[in-house]
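Beneath this line is the structure, given in structure tokens, with notes to follow.
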Amino acid sequence: MNREARATSQETRKLTALKRKDLLGIRELDVDEINLILDTAEVFKEISTREIKKVPTLRGKTIVNLFFEPSTRTRTSFEIAGKRLSADTINISVSTSSVVKGETLIDTARNLEAMVPDAIIIRHAVAGVPHQLARMVKTPVINAGDGAHEHPTQALLDALTIREHKGRLAGLKVAILGDIAHSRVARSNTFLLTKMGAFVAVSGPQTLLPPGYDQLVDDGLMVTPRIEEALEDADVVMVLRIQRERQKESFFPSLKEYAVRFGLTEERLRLAKDDVIVMHPGPMNRGVEIASEVADGPYSLILDQVTNGVAVRMAVLYLLTGGSAAKLTSSESVQ
Ligand code: CP
């Protein structure tokens, strides 16, 4: 059975709960768990369209947001997701916490756990920190981005957006363009999309294509420095930001040159399929990796991704704090 058929046939088996305490990455999730999260997010999405956007599902639960790196979308959408489910959500600002007095991650984690939260969401510049935290505490830990390693809820919200617009993931060609070497979004999406039977074409300057990336997954992945080859007949184009905060050296001569050689313009986009969709996880550098006419154009789903981020994070919070799909078969059951 080929990869696409395998992913499709597995969709017929329905899980009702996740098989793990934490959500640390996409690499360890199986197809059933990915489908469970996406199906649950679809049910929860309707709540955000109501006049009163709140249900009592997680009443009495406490969610801690612990962000050691800046964030607009992820932190806000986790907070909104918790609040829409009636959880108490607490944002810890690292700059005003005892971390600045030298408290270690272990001590920070133990002290947070002593206050009996129901989930801890963590973003950190160092790869593997959420995994370390998850080993230290009994509380479910959600990785909101660790270094250049993984950003699982971003890949899940991207998958929900593609599924909504294309009706499926299997069999699609997805081009991921930009700074692949420093991108946790590229890694999580590569794991998710290839597991689900899509074909991923990753492209960027040779200096930003990490050696060995083509061995990340068994099959369904192409790595090329020729952006035109990645774009040709693509169903989906994902554009990534240059992660300058993670770059210790120069990987290309100038931003202007990057824009000319690798930026997604209307002209380049014409190489993709006529019904292509364009995505970007944000924040965008307009005029560098993506032209404004493309970011704001008719193929762009960039703000739909943000909307879906709330639904996916509601689903993840629900499933990791004891929720089950068996109790949640339709939006009518979410009162
Ligand atoms: N996509 C994403 O992670 O955005 P933020 O850095 O604003 O959370």
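Looking only at strands (runs of 3 or more DSSP E) that fall completely inside segment 105-191, which ones have 1 or more residues that are more than 16 Å from the ligand (Cβ to nearest atom), farther than 18 Å from Arg241 by Cα and open to solvent by 10 Å² or more (accessible area, probe 1.4 Å)?
173-177
So, of the residues in segment 57-82 that are in a loop (DSSP other than H, G, I, E, B) and within 13 Å of the ligand (Cβ to nearest atom), which turns out to be nearest to Ala148 (Cα to Cα)?
Glu69
Evaluate the following for Thr40: is it hydroxyl-bearing (Ser, Thr, Tyr) and in contact with a Lys or Arg (Cβ under 9 Å, 6 or more places away or on another chain)?
So Thr40 does not fit the description; no.
Could you check segment 276-299 and list, in sequence order, the residues that are away from the ligand (no atom under 15 Å from the Cβ) and of a type in the set (Gly, Ala, Ser)?
Matches in segment 276-299: Gly287, Ala291, Ser292, Gly297.
Looking only at segment 227-239, decide whether some residue is assigned to a helix (DSSP H, G or I), in contact (Cβ under 8 Å) with a residue 40 or more places away in the chain, surrounded by 23 or more Cβ atoms within 10 Å (Cβ to Cβ) and among the hydrophobic types (A, V, I, L, M, F, W, C).
For segment 227-239, residues assigned to a helix (DSSP H, G or I), in contact (Cβ under 8 Å) with a residue 40 or more places away in the chain, surrounded by 23 or more Cβ atoms within 10 Å (Cβ to Cβ) and among the hydrophobic types (A, V, I, L, M, F, W, C): present.
Could you look through segment 1-55, keep only residues that are among the small types (Gly, Ala, Ser), in a helix (DSSP H, G or I) and modelled with pLDDT under 95, and pick out the one that is farthest from Val310 (Cα to Cα)?
For segment 1-55, the residue satisfying everything is Ala5.
Search segment 83-94 for residues being part of a strand (DSSP E or B) and either hydrophobic (A, V, I, L, M, F, W, C) or open to solvent by 60 Å² or more (accessible area, probe 1.4 Å) (or both), and hand back the single one that is nearest to the ligand (Cβ to nearest atom).
Top of the filtered list is Ile92.
Within the group Ile122, Ile142, which residue is touching an Asp or Glu at 6+ places or on another chain (Cβ under 9 Å), closer than 19 Å to Leu192 by Cβ and of a type in the set (A, V, I, L, M, F, W, C)?
Ile142
One residue is enough: does segment 263-275 have a residue meeting the conditions away from the ligand (no atom under 16 Å from the Cβ), farther than 16 Å from Gly204 by Cα and in a helix (DSSP H, G or I)?
Yes; the residues of segment 263-275 include at least one that is away from the ligand (no atom under 16 Å from the Cβ), farther than 16 Å from Gly204 by Cα and in a helix (DSSP H, G or I).
Kindly evaluate Gln215 against the criterion of being open to solvent by 50 Å² or more (accessible area, probe 1.4 Å), more than 16 Å from the ligand (Cβ to nearest atom) and within 30 Å of Ile122 (Cβ to Cβ).
Taking the combined requirement at face value, the residue satisfies it.
Give Val306, Val288 a once-over and let me know the one that is modelled with pLDDT under 95, open to solvent by 20 Å² or more (accessible area, probe 1.4 Å) and of a type in the set (Val, Ile, Thr).
The conditions single out Val288.
The values are calculated or read from the model by the stated rules, or taken from the named source; none is laboratory data. Quantities reported herein were computed from a predicted structural model and do not represent experimental measurements. Virtual Cβ from ideal backbone geometry, glycine too; neighbours counted across all protein chains shown. Quick note on the areas: whole protein, heavy atoms, side chains included, nothing else; ligands and nucleic acids left out. Shrake-Rupley method; radii C 1.70, N 1.55, O 1.52, S 1.80 Å.
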